[in-house]
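The block underneath contains the structure these notes are about, expressed in structure tokens.
The values are calculated or read from the model by the stated rules, or taken from the named source; none is laboratory data. Owing to the predicted nature of the structure, the values given are computational and were not obtained by experimental measurement. No Cβ is skipped: glycine too gets one built from the backbone with ideal geometry, and neighbour counts run over all protein chains shown. In case anyone asks, the SASA skips ligands and DNA or RNA and just uses the protein heavy atoms, side chains included. Shrake-Rupley method; radii C 1.70, N 1.55, O 1.52, S 1.80 Å.
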Amino acid sequence: MQADFQQIASTGQSARGIFYLSRPGKLRVQYTEPEPAFLLANQNLLVYVDETLGQESYVPTGSTPVSFLLADTISLDGDVRIERVQSRDNVIRVGLVQRDDPDAGALTLVFSDLPLELRQWTVTDAQGVKTTIALNNTSYGRKLDPDLFEYQQKPVQGPRN
């Protein structure tokens, strides 16, 4: 899957870019505005790279909402619990929380009904900050370049003598 996206947070921050998903297990969020950055995730690790500052951050994928999208099989009866399902005006909304830690945050998936396609999602973190990602110009079934999902960690430099 490939799509353009717009990201808006309840704090007022916004960003744009391109979203790539190669299932199972690979995701890239390439930010183009306001600053170049990207997020790569596989089934084990999520890395965020700020290209302007040259900084990298690493988090286990399992501790993030993206683990749901990366699973071999998306299951709504394992690590997540369905909080609510709404269907109205050809739009389906599914609210999810982590079964073991429902206060850690929530994920709301929004699908168009005909055809059934993921259109947006909202992540609400433990502090209540909501970040919504809306997808546009979505294409499915294209072969994505495997290099999109590769990143070579920069070597850690020790102190100079």
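Details
- Considered as a group, the residues in the range 69-117 that are assigned to a strand (DSSP E or B) and touching a residue at least 40 places away in the same chain (Cβ under 8 Å) include one that is farthest from PHE5 (Cα to Cα), and that residue is GLY105.
- Qualifying position, being out of contact with any strand residue (DSSP E or B) (no Cβ under 8 Å at 6 or more places or on another chain), of a type outside the set (D, E, K, R) and at positive phi, among GLY62, GLY78, GLY54, GLY105: GLY54
- Taken over the range 143-152, the criterion of being surrounded by 10 or more Cβ atoms within 10 Å (Cβ to Cβ) and at pLDDT below 90 is satisfied by GLU150, TYR151.
- For the range 1-24, the set of residues classified as over 16 Å from THR131 (Cβ atoms), in contact (Cβ under 8 Å) with a residue 60 or more places away in the chain and open to solvent by 50 Å² or more (accessible area, probe 1.4 Å) consists of ASP4 only.
- Test: LEU27 is free of Cβ contacts under 8 Å to residues at least 40 places away in the same chain and hydrophobic (A, V, I, L, M, F, W, C): no
- Every listed requirement among (1) of a type outside the set (Gly, Ala, Ser); (2) open to solvent by less than 80 Å² (accessible area, probe 1.4 Å); (3) modelled with pLDDT of 90 or more; (4) farther than 19 Å from THR131 by Cα is met by PHE111 save one, (4).
- In the range 25-66, of all residues being among the charged types (D, E, K, R) and in a strand (DSSP E or B), the one that is most open to solvent (accessible area, probe 1.4 Å) corresponds to GLU33.
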